[in-house]
Amino acid sequence: MSDSSNGIAPMAEARLGRLLKIAAKWLAYFGGFLLTAAAIMTILSIAGRAMSWASLGPIPGDFELVEVTCAVAVFSFLPWSQINRGQVTVDVLVDRFPSRLRAGLGMAGDTAMAIAASVIAWRMWLGLGERLPMGSGTLRALLMLGDKPYYTETTFILRMPVWYGYALSMVGAAFFAVVCIYTVWRAMNWTIRGEEGQIV
């Protein structure tokens with residue numbers, strides 16, 4: 001612990017924050033790419049459906065692909081939003097409070113978000129385990145994945161394994177939980193210093 005007036009390991013917190021922000025930005029870019037691809041595919045599918053007279057048609061399983069890409073994209077955006085304090089806040093009254101109280105309320109909000117993100121990641125992991133048809137019993141027990149499912153759950157049209165979407169979303173959900181825990185540390189340092197710092 002360094003000088004208590006500056007917070008808990010402020011240099012390490014700042015360095016980690018820069019690394020997490022870079023990773024969150026690239027994950028958000030990946031989510032943006034997925035949404036763009038889903039939008040283009042939807043346009044092509046609708047155009048194909050409208051031009052059935054020319055022996056064209058919709059892209060098979062378009063709605064299944066849109067479901068997966070949108071779910072993965074949402075989890076890809078959450079870390080970027082959290083590290084930039086982009087979640088919804090109500091500042092009508094809070095802006096009138098003293099700076100240390102504002103920082104403390106921000107820390108309470110970050111703590112609540114960290115708890116929620118951790119529960120989401122945990123439940124997502126359990127959901128992945130229920131659908132993932134791989135791994136020995138020992139490995140699954142070690143990773144807390146539960147029993148192996150009797151069959152591989154797939155989508156209706158493409159027969160794509162449902163666990164693909166869970167696995168890709170799990171990356172964003174786990175990173176979201178990590179970023180939320182980091183923001184609690186950051187907010188704690190801001191509260192110790194008595195004012196909210198600038199997000200860089």
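The values are calculated or read from the model by the stated rules, or taken from the named source; none is laboratory data. None of these values were measured; they are calculated from a predicted model. Methodologically, a virtual Cβ is constructed for each residue, glycine included, from the backbone with ideal geometry; neighbour enumeration extends over all protein chains shown. Areas reflect the complete protein model, heavy atoms only, side chains present, ligands, DNA and RNA absent. Shrake-Rupley method; radii C 1.70, N 1.55, O 1.52, S 1.80 Å.
Report, by chain and number, residues whose modeled amide H sits under 5 Å from the one on GLY61, excluding near sequence neighbours (fewer than 5 apart, same chain).
none
Hey, can you grab everything whose amide H is under 5 Å from the amide H of THR154? Only 5+ residues off in sequence or another chain; H modelled, so Pro and N-termini drop out.
Long-range HN contacts for THR154: VAL162.
How big is the shadow of the Cα convex hull of region 25-66, averaged over all directions, in nm²? Intermediate values should be presented prior to the final figure.
Working: hull surface 11.2 nm².
Projected over every direction and averaged, the Cα hull of region 25-66 covers 2.8 nm².
For q = 0.12, 0.19, 0.20 Å⁻¹, what log10 I(q)/I(0) does region 131-200 give under the Debye formula with an equal point scatterer on each alpha carbon and no solvent?
With one equal scatterer per Cα and no solvent, log10 I(q)/I(0) is -0.56, -0.84, -0.89.
Using Cα pairs closer than 8 Å and at least 6 residues apart in sequence, work out the relative contact order for the chain, in percent.
Reported relative contact order: 31 percent.
With Kirkwood's inverse mean 1/r over C-alpha pairs for Rh, give me the Rg to Rh ratio of region 2-80, two decimals please.
1.37
In the calculated pair distance distribution of region 44-140, what percentage of Cα-Cα distances lie above 15 Å? Can you show the working numbers first?
Numbers: 3608 of 4656 pairs.
In whole percent, the share of Cα-Cα pairs in region 44-140 beyond 15 Å is 77.
Ignoring ligands, DNA and RNA, please state the percent of accessible area on the chain from carbon and sulfur, probe 1.4 Å.
Details: 8550 of 12140 Å².
Looking at the chain in its full context, I get 70 percent from C and S.
Quick one: dipole size for the chain, taken about the Cα centre, charges +1 on Lys/Arg Cβ and -1 on Asp/Glu Cβ, in debye to the nearest 20.
260
In terms of modelled amide H atoms, which long-range or inter-chain residues lie less than 5 Å from the amide H of ILE8?
Excluding prolines and chain starts, which carry no amide H, the hits are ASN189.
Any idea what the alpha-carbon Rg over 2.2 N^0.38 Å comes to for the chain?
Numbers: Rg = 21.6 Å, N = 200, 2.2 N^0.38 = 16.5 Å.
Ratio of Cα Rg to 2.2 N^0.38 Å: 1.31.
Work out how much length VAL119 to LEU139 would gain on full extension: take 0.36 nm times their residue separation and subtract the Cα-Cα distance, in nm to one decimal.
This chain segment gains 5.0 nm when fully extended.
For the chain, with a Gaussian network of springs between Cα atoms less than 10 Å apart, report the residue from LEU34, LEU93, LEU65 with the top mean-square fluctuation.
Sorting by GNM fluctuation, first place goes to LEU93.
If Lys and Arg each add +1 and Asp and Glu each add -1, what is the summed charge of the other residues whose beta carbon sits under 14 Å from the beta carbon of TYR151?
Here the count lands on 0.
Can you send over the solvent-accessible area of LEU139, 1.4 Å probe, protein chains only, in Å² to the nearest 10?
About 80 Å², rounded to the nearest 10.
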